[in-house]
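What follows is one structure encoded as structure tokens, with my remarks underneath.
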Amino acid sequence: MTQNLLNTLFTGPLDIVGDVHGEIDPLMSLMHQLGYKENGQHPDDRRLIFVGDLTDRGPDSLAVVQLVKELMSAERAQCVLGNHELNLLMNQHKYDNRWFYGQEFSEDGYVVPQKLANPSDQKQIIDFFQSLPIALRRDDLQVVHACWDADMVEHLQNSDDVLTLHDEHVDQIENSFDASFTDPVDQSLAHQNMNPIKLLTSGPEERIEEPVYAAGKWRNEQRVSWWTEYEGTFCVFGHYSIPDGKPRGNASSFCIDYGVGKRWTERRAGKTKGFDLKLAALRWPEKMVVFDEGQSTLI
């Protein structure tokens, strides 16, 4: 188990890496662009922070998890839990995590090339995910996968078991429903927005008038752009893929997910370089974004 679901960020300069989603080659390239050796050593004593969603969609989630695990064991990296890791901890079969269950992932009849996990892999991955905190912070910086909510973060104090804390709040939320609170969408939104584990790993949601089909199912809820009103210690997060390259955040927050999780769609179309969907890291305190193919920009 992790020492606490709310842990302290490393001191010193950091490189905060967006959602990797099984894309081991872009991760290795990004580390090289940032000046890291394969073992995570950096000549300027920088260290890596991962915002979660290490797995699913890409070709080799196993390699990504193993690398991050080794970097963390050497105290050269930290990582928070994302919603994709939480899905696996809760044994929730999703359309894009079939690799974990030894099954192929296909979309529109196309089988996405992926390495599949075996039972030994599964146990090691679950053990590792159970060790991850939900949030990291220090005086000048905070990191979470999807949303920083100060009240919800406080629920993480003195807890070291993500599933226990999740289930406790499921029971509390269920018990708060009265006889008139029967709308299934309202109930779903309550479980999303009132459970600290759900809110911090996948963000607040709201009802939409017409359902939409996304991520393999029909949805009656949509994500809320919480960062537009966020004020506080600078927060770096992932989750909200920005393949259009238009940053999400404000003066106190920044999203570092540039959509590499769907890069398989570009490879399927024959692209081998110059990808539109990128893996990126935010250098702190420089506030410079570095991409896996070498581009960089200040925020």
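The values are calculated or read from the model by the stated rules, or taken from the named source; none is laboratory data. What you see is a predicted model, and the numbers here were worked out from it, not measured in a lab. Here Cβ is always computed from backbone atoms with ideal geometry, including for glycine, and neighbour counts include all displayed protein chains. Areas reflect the complete protein model, heavy atoms only, side chains present, ligands, DNA and RNA absent. Shrake-Rupley method; radii C 1.70, N 1.55, O 1.52, S 1.80 Å.
Worth a mention:
- Probe 1.4 Å, accessible area per residue of the stretch 135-217, Å²: 52
- Loop-resident trypsin sites (Lys or Arg not before Pro) (DSSP state other than H, G, I, E or B) in the stretch 23-127 with no more than 11 further Cβ atoms inside 10 Å of their Cβ: Lys37.
- Selection from His155, Pro211, Thr182, by position along the positive dipole direction of the stretch 153-277 (Cβ): Pro211
- Cross-link pairs beyond the 32 Å C-alpha cut-off, checked among Lys115/Lys287; Lys37/Lys94; Lys217/Lys287; Lys217/Lys278: Lys115/Lys287; Lys37/Lys94; Lys217/Lys287
- Taking the Cα centre of the stretch 145-218 as reference, the dipole from Cβ charges on Lys and Arg (+1) and Asp and Glu (-1) amounts to some 280 debye.
- Top positive-direction residue, dipole computed over the chain with Cβ charges, set Thr272, Val290, Gln130: Thr272
- The stretch between Asp108 and Val224, if pulled fully straight at 0.36 nm per residue, gains 38.9 nm over its current Cα-Cα span.
- Label-point separation in nm, His93 to Met194, each point 7 Å along Cα→Cβ: 3.1
- Label assignment, Cα extents along the principal axes in Å derived from the structure, set [x] 72, 44, 38; [y] 54, 53, 42; [z] 60, 49, 39: [z]
- Test item: Cα-centred dipole of the chain, Lys/Arg +1 and Asp/Glu -1 on Cβ, debye: 1160
- Potential extension, Leu163-Asp183 segment - 0.36 nm per residue separation minus Cα distance: 4.6 nm
- Shown are Thr182, Thr201, whose ranking by accessible area with a 1.4 Å probe and every protein chain present, most to least, is Thr182, Thr201.
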